[in-house]
1. Please find, among Gly205, Gly160, Gly198, Gly172, the residue that is at positive phi and either under 19 Å from the mean Cα position of the chain (by Cα) or modelled with pLDDT of 95 or more (or both).
2. Identify all residues within region 164-184 that are aromatic (Phe, Trp, Tyr) and buried (at least 23 other Cβ atoms within 10 Å of the Cβ); write none if there are none.
3. Report whether or not His76 is at pLDDT below 85 and closer than 30 Å to Gly191 by Cβ.
4. For region 174-200, enumerate the residues that are free of Cβ contacts under 8 Å to residues at least 60 places away in the same chain and of a type in the set (Phe, Trp, Tyr).
5. Going by what's in this entry, would Arg114 be described as at pLDDT below 90 and either acidic (Asp, Glu) or surrounded by 14 or more Cβ atoms within 10 Å (Cβ to Cβ) (or both)?
6. State the number of residues belonging to region 13-61 that are surrounded by 15 or more Cβ atoms within 10 Å (Cβ to Cβ) and assigned to a helix (DSSP H, G or I).
7. Ser156 is checked against (1) more than 18 Å from Asn176 (Cα to Cα); (2) of a type outside the set (A, V, I, L, M, F, W, C); (3) surrounded by fewer than 23 Cβ atoms within 10 Å (Cβ to Cβ) and fails just one. What number does that condition carry?
8. Quick check: anything in region 185-193 surrounded by fewer than 22 Cβ atoms within 10 Å (Cβ to Cβ) and of a type in the set (Gly, Ala, Ser)?
Amino acid sequence: MEENQNNFAYIPALNKKTAREYSLLLDSLSIANNAVFRWNSWQIEVDFSDYEKAKNEIAAYEKSGRIEKIHNKFAHIRFQKVNWTIFCATLIFLAAFHVFIYEFDHLELIKAGRSSAAAITEGEFFRAVTALTLHGDYKHLFSNILFGGIVLWSLSTLAGTGSALILALFTGFAGNVMNAFFYGSAHNSIGASTSVFGVIGVLAGLQFFDGFREKKLGRWIPFGAALGLLAMLGSSEKSDVLAHLFGFVAGIPAGTVFGAFFSKRTLPEKTVQNLLTLLFILIISVCWMRAVKLIF
């Protein structure tokens with residue numbers, strides 16, 4: 001049961017059809033109500049003073065067997081609506097920025113923005129973010145857009161688009177920082193791959209919570225599958241294997257914390273998701289502003 005500042009309480013319904021059936025039942029009992037869709041689920045809104053009576057009447061109605069039971073093994077997983085405008089714009093930005101970097105290679109933006117272990121360990125942490133937007137060639141770029149797009153979309157359906165972007169940015173940043181301190185010096189890297197594997201780690205971490213996984217699936221199976229994907233996609237000769245590993249390692253606790261907090265709470269709604277997207281853009285912009293100062 002949930003109560004808001006207007007003294008309304010809310011009773012959850014399985015879907016729109018069930019919500020309407022609940023509403024008709026309460027109408028027949030002269031209990032004022034509204035079937036509303038809020039926070040990604042259908043609910044019945046009633047006055048707080050009518051909550052106990054409405055809840056008991058609905059429980060009795062369900063017990064009588066007149067409510068249609070829909071058996072959907074994925075019903076508990078809270079699939080979110082992906083903001084395709086933001087999602088596609090992010091991938092297009094990566095491609096456009098790659099073209100810009102190489103069209104104006106005289107600006108030496110790669111040198112200014114790459115993940116330099118020596119520079120990061122000396123305090124230039126902005127490089128752990130800017131490096132995520134740089135790629136060595138078109139093959140590197142499109143592989144990250146393809147695989148990154150798949151895993152980012154997967155996380156967006158569970159956490160929301162804005163949350164997915166922030167988690168990708170955080171895990172990529174954390175992975176690059178850990179990688180830099182591991183090497184200490186004489187190591188440079190670029191690419192969004194660290195974030196890609198960070199998101200894979202987040203997805204693995206979320207599987208420990210029933211709200212984000214199919215209940216009959218063993219908790220460790222998705223985790224093992226994520227490790228297999230890491231081995232397949234992250235260990236080629238030219239890959240920075242440790243950056244991928246550190247991104248994955250950073251993603252697991254991030255996914256676990258997110259899952260622990262939101263497995264029994266409502267996920268951030270559209271306004272918050274949009275604010276998280278703006279925060280994502282702001283962080284990258286500020287980090288690049290800091291990097292550009294190294295050039296001029």
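The values are calculated or read from the model by the stated rules, or taken from the named source; none is laboratory data. All figures in this text were calculated on a predicted structure; none of them were measured in a lab. Heads up, the Cβs are rebuilt from the backbone with ideal geometry, glycines too, and the neighbour counts pull from every protein chain shown.
1. On the way: Gly205 fails: at positive phi; Gly198 fails: at positive phi; Gly172 fails: at positive phi.
Exactly one residue qualifies, and that residue is Gly160.
2. Just the residues of region 164-184 that are aromatic (Phe, Trp, Tyr), to begin with: 170, 173, 181-183.
Passing the criteria: only Phe173.
3. On the way: at pLDDT below 85: yes; closer than 30 Å to Gly191 by Cβ: no.
Criteria not met by His76.
4. Result: Phe197, single match.
5. Values: at pLDDT below 90: no; either acidic (Asp, Glu) or surrounded by 14 or more Cβ atoms within 10 Å (Cβ to Cβ) (or both): yes.
Against the criterion (at pLDDT below 90 and either acidic (Asp, Glu) or surrounded by 14 or more Cβ atoms within 10 Å (Cβ to Cβ) (or both)), Arg114 does not qualify.
6. Counting residues in region 13-61 that are surrounded by 15 or more Cβ atoms within 10 Å (Cβ to Cβ) and assigned to a helix (DSSP H, G or I) gives 14.
7. Every condition holds for Ser156 apart from (3).
8. The first filter runs over region 185-193 and keeps only residues surrounded by fewer than 22 Cβ atoms within 10 Å (Cβ to Cβ), leaving 185-188.
Filter once more, keeping what is of a type in the set (Gly, Ala, Ser): 185-186.
Checking region 185-193: at least one residue is surrounded by fewer than 22 Cβ atoms within 10 Å (Cβ to Cβ) and of a type in the set (Gly, Ala, Ser).
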